[in-house]
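Values in this text are rule-based calculations from the coordinates and carry no lab data. Nothing here was measured: the structure is a model prediction, and the numbers come from that model. Cβ coordinates were reconstructed from backbone atoms using ideal geometry, including for glycine residues, and neighbour counts include every protein chain displayed.
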Amino acid sequence: MLYNDEYVIFDTKNPTHFQSRCSMQKNGTVDSKIMSQHQLQTELLRCEYCEEKPCTNACPVNCSPFDFMMAARVGDPSDIKRSAAEIMRSNPLGGVCGLVCPDRFCMAACSRKKFDGSINIPKVQATLVEMAKRLGGIPGFSVPTPNGKKIAMIGGGPAGLGAASALGQLGYAVDIFESRETLGGMMNLIPDQRLDKSVVQSDIEFLLSLGAITAKTGVKVEDPKQLLAQGYDAVCVTTGLWKPIEL
């Protein structure tokens, strides 16, 4: 059923409850990866804004759902952008993580878990980041003052990208060396139905804008020590999970 530009799918066992609600894309397809504006607002209003911030304490990257949900509560475009900036400040891969983060972190710690179910914080996060991008982009961060140090980052997966963004914001010049032709590492192996690769690409583009960060793809580094001889002040090896785990 189409209702106010949203597809509403009713639970056949209980027609008075929604089974899911998805936003409509411009081409008429259903985007089930993010929330509709109605669903987003419902989740934002469910937040109790706990003083203890258990969701923040449970987040591995110390992202604060309390803060980004409070920022977006009114729902104005400027609020959405400010909320997304709050997310990306803690986690420059915030769009990706919102789509793939498991429910054992912030959702497990959510104060509403014992009442009417945890707030779907990862999906709220993914929705806010995507909405900000559709509104013209996430507000840029201040350009850090260069400190004169140059770092070589071996590996362009999540670990290398995250480390590069942190160092870039501290004023380091960072060169990322990736043996494959594209950045992203194992993020590129996650099925499209769970992680749209356009989200990966846009998060990476945002991350590379956070400082003097340059990507050198298709370059395999055999000996990290050679990079020190080329003038780099330090070398970080962040090759990550380069072989799949057999289940």
Exercise for the section: Taking each pair of different alpha-carbon atoms in region 37-134 once, compute 1/r for the pair, average those values, and report the inverse of that mean as the Kirkwood hydrodynamic radius in Å to one decimal. Expected result: 13.0 Å
Fill in the blank from the handout: Note, Ala72: beta-carbon cut-off 15 Å, +1 each Lys/Arg, -1 each Asp/Glu, net +2
Completion exercise
Under 5 Å from the placed amide H of Ile176, counting only residues 5+ away or on other chains, we find Met153, Thr214, Ala215, Lys216
Practice task
Go through region 35-40 residue by residue and turn each phi into a ³J(HN,Hα) via Karplus (6.51, -1.76, 1.60, θ = phi - 60°); whole Hz please, and just put x for glycine and proline.
Solution key: 8, 6, 4, 5, 5, 4
Fill in the blank from the handout: For region 150-237, the charge dipole (Cβ of Lys, Arg +1; Cβ of Asp, Glu -1; about the Cα centre) points to a positive end, and the Cα of Gly168, Leu228, Ala152 closest to that extreme belongs to Leu228
Exercise for the section: Please give the net charge around Lys123, taking every other residue with its beta carbon less than 11 angstrom from that of Lys123, where Lys and Arg add +1 and Asp and Glu add -1. Expected result: -2
Exercise for the section: Could you list, in their original order, any pairs among Lys53/Lys113; Lys81/Lys123; Lys113/Lys197; Lys133/Lys197; Lys81/Lys149 whose Cα atoms are separated by more than 21 Å? Expected result: Lys113/Lys197; Lys81/Lys149
Exercise for the section: Please report how far the C-alpha centroid of region 129-203 lies from that of region 206-232, rounded to the nearest whole angstrom. Expected result: 13 Å
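Tell me, what is the FRET efficiency for Thr239 and Ile190 to the nearest 0.05, using R0 = 22 angstrom and their Cβ-Cβ distance as r?
0.75
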Problem - Rounded to whole Hz, the Karplus (6.51, -1.76, 1.60) HN-Hα couplings of region 211-219, x for glycine and proline - result: x, 7, 10, 10, 9, 10, 8, x, 10
Fill in the blank from the handout: Residue by residue through region 151-156, the couplings from Karplus 6.51 cos²θ - 1.76 cosθ + 1.60 with θ = phi - 60°, in Hz, x for Gly and Pro, are 10, 9, 10, 9, x, x
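Between Lys149 and Ser198, how high is the FRET efficiency from 1/(1 + (r/R0)^6) when r is the Cβ-Cβ distance and R₀ = 30 Å? Nearest 0.05.
0.35
With a ≥ b ≥ c taken as the square roots of the eigenvalues of the C-alpha gyration tensor of region 129-207, please select rounded if a/c is under 1.5 and otherwise prolate if a/b is larger than b/c or oblate if it is not?
Working: a/c = 3.23, a/b = 1.26, b/c = 2.56.
Note, shape of region 129-207 comes out oblate.
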